[in-house]
Amino acid sequence: MKNRKHLNYFFGLDSSTQSLKATIIDSQLKVVAECSVNFDSDLPKYNTTGGVHRGKDGLTVTAPALMWVEALDLLLKRMKKKHIPLNRIAAITGSGQQHGSVWFKKGARQALRHLTDGMTLSEQLKHIFSVKDSPVWMDSSTTKQCKQREKAMGGPQAVADITGSRAYERFTGNQIAKMYQKNRTGYNCTERIALVSSFIPTLLTGDYVPIDVSDGSGMNLMDISSRKWSKKALDCTAPGLSAKLGKPELSHKVAGNIHSYFVERYGFDADCLIIVFSGDNPNSLAGLRLQRPGDLAVSLGTSDTVFGFLSKPVPSASEGHIFVNPVDPKAYMALVCYKNGSLTREHVRDDSADGSWEKFNKYLKRGKSGNSGNIGFYINEPEITPPILTTGITRYDSAGRRVKSFPPAVEVRAVVEGQFLSMRLHGENIGLKARNILATGGASANKGILKIMADVFGVPVYVARQTSSASLGAAYRALHGWICNRGGKYVPYSKILLAAPPFKKAAVPDKKAFAIYSSMLKKYAELENKMMVQGA
Ligand code: 5FX
């Protein structure tokens, strides 16, 4: 009889905007290996910047689907070269940038099923896409389709009540509606539409894989109560859509076994299970172990997000999203997303601190909480929260008068304070009230930024020892899915987390500073409204 005891490693993959990352853990949750591929620098022939192509209209943002295919082969090749024991992997799951869609042409399923070890994935799969450039989460080009959806479904609150969010430009249903309206041939010759998250396991199993209910909540198409596609939402998107999407599946379920291509080429065991993948934010929630109301995470990356566990969803017609929880099929999570994250902080660093984080941090340290009443709105990219399509910087002095510029130290503090005040304001509006915060993403290494976060929210801020919470969360979910499958029933996620390492306290709030920010919140909200009416 075959000895299966060697299958004791769990593999988490994160297909983010800029890179493909792998984290491998053992059954005691210890990280045993990591590896990554950067799209811009490792695959320069696709000519991406930050992993994407931007359209001339300033609104359209796409990424070549074939680049992701090639990245998977490259990542696994690197892992094999580093002698990472892929033959010990019991289960794989992963995380994908949310909302992006991948379009498979009629006949693609055959090509996926018949992958052979003799050629690379990209050689074999270069012709399977009906749309080569996948719309991604940064795309803001579907305002017309959002309006159509809200009209057809009975208004923004009606859309939010069913799907968890009002109609948002990047949400996949609105991207699909645009594709149907603008590229009818592309739509008609499509046999399957995947999310980025269900695309990668499609490659790994060599067959179509369901969209999971958590990432599926980011499409404006799923009924978040029944966890099924909403007929009303599908009907106002495009015809024949349900067949092109397949049925949504719970996030801990098995999607299939790994395809022989990966067994022969990279040495995976044929019994390696592929668990349904989910979105990057849902996987981060799993990686940061947010399991109670008040457990919040703030992710500071290409996008800034604030998210947390929710038991009772209260969808809003104006902001934020409710998703089905990825590790507790009966619960939910809430999320507020910003496009102006690290790149916007970096712009301010370049313009006001000579491109130096050291100088940026010195300015932060020197300034006073509340920035003497100066408030700024930094819209480098069309923003999601609040919805602002026109880019630019709007600054107000302590009397609420619009000013042209701030001194460099005030500018630096204004961008950071403004981002956290906005997160507190919009997060609380959809039920995210912090008891403690876990900070993650690149900027969570910056102590000055974390201190302001603690002061604005008035709670301690912790950091994980492991920075890639999405790929770590995926690795935890791989173990969770594997255990659920072995026992034939759902096992509470908390049961697999017992050996997880503690988080490290990185910043504590100052009571006086918290009081200043709390009283500033009303003024911030008023100026945000004023700015939206007047334009950035
Ligand atoms: C969430 O709704 C978002 O759009 C972003 O955080 C993407 O998931 C980034 F990948």
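The values are calculated or read from the model by the stated rules, or taken from the named source; none is laboratory data. Just so we're clear, the structure is a prediction, and the values are computed from it rather than from any experiment. Positions of Cβ are generated from backbone atoms using ideal geometry, with glycine treated the same way; all protein chains shown enter the neighbour counts. When the accessible area is computed, the model is the full protein with side chains, heavy atoms only, and any ligands, DNA or RNA have been set aside. Shrake-Rupley method; radii C 1.70, N 1.55, O 1.52, S 1.80 Å.
Values for this structure:
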item: Partners for K530 among lysines (Cα-Cα distance below 22 Å; same-chain residues under 8 apart left out); result: K339, K404, K522
item: Residue-span extension gain [K312 to S494] - 0.36 nm each, minus C-alpha spacing; result: 63.6 nm
item: The range 22-126, Rg to Rh (Cα coordinates; Rh as Kirkwood inverse mean 1/r); result: 1.00
item: Accessible area of S311 in the full protein assembly, 1.4 Å probe (Å², nearest 10); result: 70 Å²
item: Dipole magnitude of the chain, debye to nearest 20 (Cβ charges: Lys/Arg +1, Asp/Glu -1, about Cα centre); result: 700 debye
item: Fraction of the pair-distance distribution of the range 199-310 above 21 Å, Cα-Cα pairs, percent; result: 50 percent
item: Apportionment of accessible area to carbon and sulfur, the chain, percent (1.4 Å); result: 52 percent
item: Residue-normalised accessible area of the range 433-515, expressed per residue, 1.4 Å probe, Å²; result: 45 Å²
item: Only Lys, Arg (+1) and Asp, Glu (-1) charged, at Cβ; the range 9-282 dipole about Cα centre in debye; result: 740 debye
item: Share antiparallel - DSSP beta bridges, the range 193-352, percent rounded to 5; result: 95 percent
item: Most positive-pole-ward Cα, S405, L497, A286, against dipole of the chain from beta carbon charges; result: L497
item: Helical mean residue ellipticity (222 nm; -39500 (n - 2.57) per DSSP H run of 4+; nearest 500) of the chain; result: -11000 deg cm²/dmol
item: Virtual paramagnetic centre 7 Å along Cα→Cβ of T390, amide N under 19 Å, in the range 494-534; result: 526-534
item: Lys, Arg +1 and Asp, Glu -1 on Cβ, resulting dipole of the range 127-181 about Cα centre, debye, nearest 20; result: 140 debye
item: Hits among lysines - C-alpha to C-alpha of K447 under 21 Å, sequence gap 8 or more where chains match; result: K359, K362, K365, K368, K504, K505, K511, K512
item: Helix axis angle, 196-205 relative to the chain longest principal axis, alpha carbon, degrees; result: 20 degrees
item: Of all DSSP beta bridges in the chain, antiparallel share, percent nearest 5; result: 75 percent
item: 0 to 90° range, to nearest 10: angle between helix 511-534 axis and the chain longest Cα axis; result: 80 degrees
item: The range 1-55: C-alpha gyration tensor shape, a/c 1.5 cut-off, then a/b vs b/c; result: prolate
item: Paramagnetic label zone (point 7 Å from Cα along Cα-to-C-beta, A243; backbone N under 16 Å) in the range 183-219; result: 187-193
item: Net charge, L527 excluded, C-beta distance under 12 Å - Lys, Arg +1, Asp, Glu -1; result: +3
item: Alpha carbon convex hull of the chain, volume per residue in cubic angstrom; result: 140 Å³
item: Normalised alpha carbon radius of gyration of the range 9-282 [divisor 2.2 N^0.38 Å]; result: 0.98
item: Cross-link reach list, aspartates and glutamates versus K106, counting only Cα pairs under 19 Å and skipping chain neighbours closer than eight places; result: E123, D133, E191, D207
